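Working notes, beginning with the structure itself.
Each reported figure results from applying straightforward, stated rules to the coordinates on display, with no laboratory input. The structure displayed is predicted, hence computed values, not measured ones. Here the Cβ positions follow ideal geometry from the backbone for every residue, glycine too, while neighbour counts run over all protein chains shown.
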Amino acid sequence: MLQKFLFAVGLFGVLLAADPARAGSADEELRQFVENVRTLNGRFVQTQTDEHGELVSSGAGMVAISRPGRFRWSYDQPYEQLMVCDGQKIWAYDPDLKQVTVRPAGETLAGTPAELLAQKAKLAENFRTKDLGEKDGLRVVSLEPKSEQSDFKSIELWLKAGVPQKLRFSDPLGGNTVVELRDVKVNGPIPDAQFTFTPPKGVEVVEGAASAR
């Protein structure tokens, strides 16, 4: 679950940490997100397909992000799972297993897109951006990582007025993960409690290795 989650939330980290881009259609959409969005929350629907386009998995739930470095990603379909980052630690909770795995955020996110959330690196230093024009009334931007060590080949970001509506991650083997966002709200208050986690009574706490791979 963790690696799929990092693919999805990592792009938000990239954008929230990026510097404003140069003028232009796609870059203007990115700039709006970078400069104006401090918090984001809404519902998501996620699907994963293999290199043949066959459905591998699907899920849905709620996402909340607060810059810098805090997020909450909870699945309610097909079963409940929760991931919370308070900026220092990542808690991955599986209610069915009655187990939560705790990892250090900085080390766990190293080598993933979400690493940029903590580092606040410049977007242009890590990605090649390409304007793919408009599709269905949304501006589509492609981001290709410059590093050959990346876990993904490219990301397509679908934006409306600077707010992401859909993300598509393509991996080197030809698979795709698509995250569609619904009922998105930006810059609204999100209680700090959303970004903290206290293990329920009787739940096993496992100190996990940093690597999510």
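Observations, loosely collected:
- Within the stretch 44-67, if we keep just the residues that are under 13 Å from the mean Cα position of the chain (by Cα) and touching a residue at least 24 places away in the same chain (Cβ under 8 Å), the residue that is surrounded by the most Cβ atoms within 10 Å (Cβ to Cβ) turns out to be Ile65.
- Residues being more than 20 Å from Met83 (Cβ to Cβ), hydrophobic (A, V, I, L, M, F, W, C) and in contact with a Ser or Thr (Cβ under 7 Å, 6 or more places away or on another chain) - total across the stretch 169-204: 1
- Contacts under 7 angstrom Cβ, first residue in the stretch 73-92 being free of Cβ contacts under 8 Å to residues at least 40 places away in the same chain, partner part of a loop (DSSP other than H, G, I, E, B), 6 or more apart: Tyr79/Asp96; Glu80/Pro95
- Across the stretch 159-191, the number of residues qualifying as touching a residue at least 40 places away in the same chain (Cβ under 8 Å), closer than 14 Å to Gln46 by Cα and small (Gly, Ala, Ser) comes to 1.
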